Amino acid sequence: MNSIAVELNQVLEGTAAQTLLSDLGKRMYFPKGIVAQSAEAKQKATRFNATVGMAKQGADPMFLTSINDSVPGLDASDIFTYAPTPGDAKLRAVWKAEMIKKNPSLEGVSISTPLVTSGLTHGILMAADLFLEKGDSIIVPDMFWGNYRLIFEERREASIVPFPFFAENGGINLEGLEKSISDIKSDKAALILNFPNNPTGYSPSVDEVKAIIAILKRQADLGKKLLVISDDAYFGLFFEDETSTESLFASIADLHENILAVKIDGSTKEDFVWGFRVGFLTYGCKGFTDAQYDALVKKTMGVIRSSVSNCSRPAQSLLLKALESPSYYDEKAASFKILKARYEKVKEILAEYSDQDTLIPLPFNSGYFMTFICKGDAEQLRLYLLEEYRIGTIAIQGSYLRIAFSSVDLENVDELYKAVFTAAGELWN
Ligand SMILES: Cc1ncc(COP(=O)(O)O)c(C=O)c1O
């Protein structure tokens, strides 16, 4: 094992993170050479700096005018240069400050500085690289984003252990969650929770969050080391008053020495920049020292460096500009209002159809989506809607149909849902 990895592992000795690391995670490190040599050159190489793998002209990076002219608001250095492996330092600091603003429970809690990943997908994979491998399990509610299968099962060869998301009474199946953790016979367990959930559009209430915290604490008290990943892709789109408006991460980042909390979030959906590929990965663990956070960050830099090297510089620069813009919050509030109006319209329409049994909506209160349980085959309905009505929806696991109301204008929501109910009636009534 590389001597830097050995050093990082020593720093993490005795922590939950050490137990939770995969073999790859144990081997990971960030080579000191690159950072040290560039930093040294920056200070001392006043004559010529020939360290970095970029072409330069004077103080600026070399660039094509046709590209530079397309992004008039940014300096050449903010468009063309490599970003640091963990991400632009200012963006990381600003995102952390924003995270605390959005999650006041994090005030005063020691967490890592977020690392920039190439979208949330990459962040989830980086966490999976560091903590999951063949023989491990990851607990997931049975309604989950399909890409988890490729990431956890195919790439990392871990097993997904699903538990039924909803209890009989419609809320989160807390018993199922606790049982799936206690059923794991190993001294460690991993779980990923995604709120607002894709595909159901459900987020827990404040009381449900309290119950989830109690479960995690109970399991941690029993000595189990827990990796809890919060996939906060749709964070902020909470449409009901009783819904918890903070990330689960905020409640568990300082909950227990045996719980390593990982927050995966980003601007993809939060800031409506799907193609930018800017996500963030942040750690929180009770009792962690700065040196221990630093060791985990260095290991994460290792998996980033060996996967994408570093993430898009122009996207990070544009995002930073937006976050610092005086109109940022107003712009976001305006977009939220538009999406909330669509959500409310969907609820209104569903109330009109409450006495039919072809399509039963699962509970939803947030995010981009809602999902129906279908009386018949969801794929049959999906194809029928496509062929007969020219309407695109997503069929999931045979009996669920997901509708992204986020992508349909308010004035068309009524027509969309009426067509979906009519089609289902034609097939199954
Ligand atoms: C639940 C969930 N997590 C993560 C992602 C990935 O986000 P990104 O596009 O930033 O990789 C998505 C995207 O659809 C998602 O639905």
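Taken over region 400-424, residues that are of a type in the set (Gly, Ala, Ser) and either open to solvent by 40 Å² or more (accessible area, probe 1.4 Å) or assigned by TED's automatic domain parsing to the domain that holds THR200 (or both) amount to 1.
If you go through region 75-100 and keep only what is in a loop (DSSP other than H, G, I, E, B) and surrounded by fewer than 16 Cβ atoms within 10 Å (Cβ to Cβ), you end up with ASP75, TYR82.
Scanning region 286-309 for residues that are open to solvent by 30 Å² or more (accessible area, probe 1.4 Å) and either more than 16 Å from the ligand (Cβ to nearest atom) or of a type in the set (Gly, Ala, Ser) (or both) gives LYS286, GLY287, THR289, ASP290, ALA291, ASP294, LYS298, ARG305, SER306, SER307, SER309. Scanning region 101-128 for residues that are open to solvent by 40 Å² or more (accessible area, probe 1.4 Å) and either outside the structural domain of LEU255 (by TED's automatic domain parsing) or away from the ligand (no atom under 16 Å from the Cβ) (or both) yields a count of 8.
Table: residues versus (1) outside the structural domain of PRO164 (by TED's automatic domain parsing); (2) within 25 Å of LYS286 (Cα to Cα); (3) in contact with a strand residue (DSSP E or B) (Cβ under 6 Å, 6 or more places away or on another chain).
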residue: GLY201; (1), (2), (3): no, no, yes
residue: PRO204; (1), (2), (3): no, yes, yes
residue: ILE213; (1), (2), (3): no, yes, no
residue: ARG218; (1), (2), (3): no, yes, no
residue: LEU227; (1), (2), (3): no, yes, yes
residue: TYR234; (1), (2), (3): no, no, no
residue: GLU242; (1), (2), (3): no, no, yes
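May I ask you to list the residues in region 1-30 that are open to solvent by 60 Å² or more (accessible area, probe 1.4 Å), of a type in the set (Gly, Ala, Ser) and in a helix (DSSP H, G or I)? Once the filter is applied, which keeps residues that are open to solvent by 60 Å² or more (accessible area, probe 1.4 Å), of a type in the set (Gly, Ala, Ser) and in a helix (DSSP H, G or I), region 1-30 yields only SER3.
The values are calculated or read from the model by the stated rules, or taken from the named source; none is laboratory data. Bear in mind the structure is a predicted one, so any value in this text is a computation, not a measurement. Quick reminder, even Gly has a Cβ in these numbers, built from the backbone with ideal geometry, and neighbours come from all protein chains shown. Each accessible area value is taken on the protein alone, full model and side chains, heavy atoms only, with ligands, DNA and RNA left out. Shrake-Rupley method; radii C 1.70, N 1.55, O 1.52, S 1.80 Å.
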